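Peer 1: Below is the structure I would like to discuss, written out as structure tokens.
The values are calculated or read from the model by the stated rules, or taken from the named source; none is laboratory data. Since this is a predicted model, take the numbers as computed values, not measurements. Neighbour counts run over all protein chains shown; Cβ positions are idealised from the backbone, glycine included. We work out accessible area using only protein heavy atoms, side chains counted, and drop any ligands, DNA or RNA first. Shrake-Rupley method; radii C 1.70, N 1.55, O 1.52, S 1.80 Å.
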Amino acid sequence: MTVLVGKHVRLEPLTLAHAESLFENVGNDDEVWQFLPSYPPKTLDEMRQLITVALISRDAGERDPFAVIVGGECIGSTSYLAEIPAQRQVEIGWTYYARAFWRTAVNTECKLLLMSEAFETRNYDRVQFKTDILNERSQRAIERLGALREGVLRHQQIRRDGSARDSVYYSVIGEEWPGVKAKLMAALG
């Protein structure tokens, strides 16, 4: 199991042991869950169910979910998705953090750790991100990482309310990685 450690965050495999801390930090916060496919967990049992679904997806090879640990607390989660080793590509997504950690070093360092692992250890050539076209906060965060906006896939997903979601795609490719990495490291100080 991959564990990634930085100065501000530790990414470790998500388990049911993270449920209580994760629920305390992000449960019942509609704004955190606004653009995610899942409804906000309103109880600790619902958080456990959400984690169980992530673990089932992991076991099926569809997702590699990480707990985001800050100061010993699980304050969010992020995942590798759509991993295709033969094509040397992966997506980073299903990312959410407690609101107190928005616009802090947490997202920058999480993405630095995940992209370093992807490009330098797994030898991938493409890391992609996607977000709901309505999620302008996420789009700005992805752009701050140095990812290039590629375009919009219309009606790419169905939102939990049943409406059609257009998804904005971004990527960083291997030749861009050294510059993106330097920018992220500089931002972290």
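Peer 1: Specify the residue that is surrounded by the most Cβ atoms within 10 Å (Cβ to Cβ); the eligible residues are those in region 170-189 that are touching a residue at least 24 places away in the same chain (Cβ under 8 Å) and not in a helix (DSSP H, G or I).
Peer 2: The qualifying residue surrounded by the most Cβ atoms within 10 Å (Cβ to Cβ) is Val172.
Peer 1: Of the residues Val68, Val53, only one is closer than 25 Å to Thr104 by Cβ, at pLDDT 95 or above and among the hydrophobic types (A, V, I, L, M, F, W, C); which?
Peer 2: Answer to the check: Val68.
Peer 1: Just to verify a result, which residue in region 143-156, among those that are touching a Lys or Arg at 6+ places or on another chain (Cβ under 8 Å) and open to solvent by less than 50 Å² (accessible area, probe 1.4 Å), is farthest from Trp94 (Cα to Cα)?
Peer 2: Gly146
Peer 1: Please work out which residue is least open to solvent (accessible area, probe 1.4 Å), limiting yourself to region 157-169 and to residues that are of a type in the set (D, E, K, R) and at pLDDT below 95.
Peer 2: Arg159
Peer 1: Anything in region 4-24 that is crowded, with 21+ Cβ neighbours inside 10 Å and more than 16 Å from the chain's Cα centre (by Cα)? List them, or say none.
Peer 2: Once the filter is applied, which keeps residues that are crowded, with 21+ Cβ neighbours inside 10 Å and more than 16 Å from the chain's Cα centre (by Cα), region 4-24 yields His18, Ala19, Phe23.
Peer 1: Within region 116-155, can you find the residues that are closer than 19 Å to Leu36 by Cβ, assigned to a helix (DSSP H, G or I) and not β-branched (Val, Ile, Thr)?
Peer 2: The answer is Glu136, Arg137, Ser138, Gln139, Arg140, Ala141.
Peer 1: Oh, and also: Looking only at region 64-109, how many residues end up being buried (at least 17 other Cβ atoms within 10 Å of the Cβ), under 21 Å from Glu20 (Cβ atoms) and not hydroxyl-bearing (Ser, Thr, Tyr)?
Peer 2: So the count comes out to 13.
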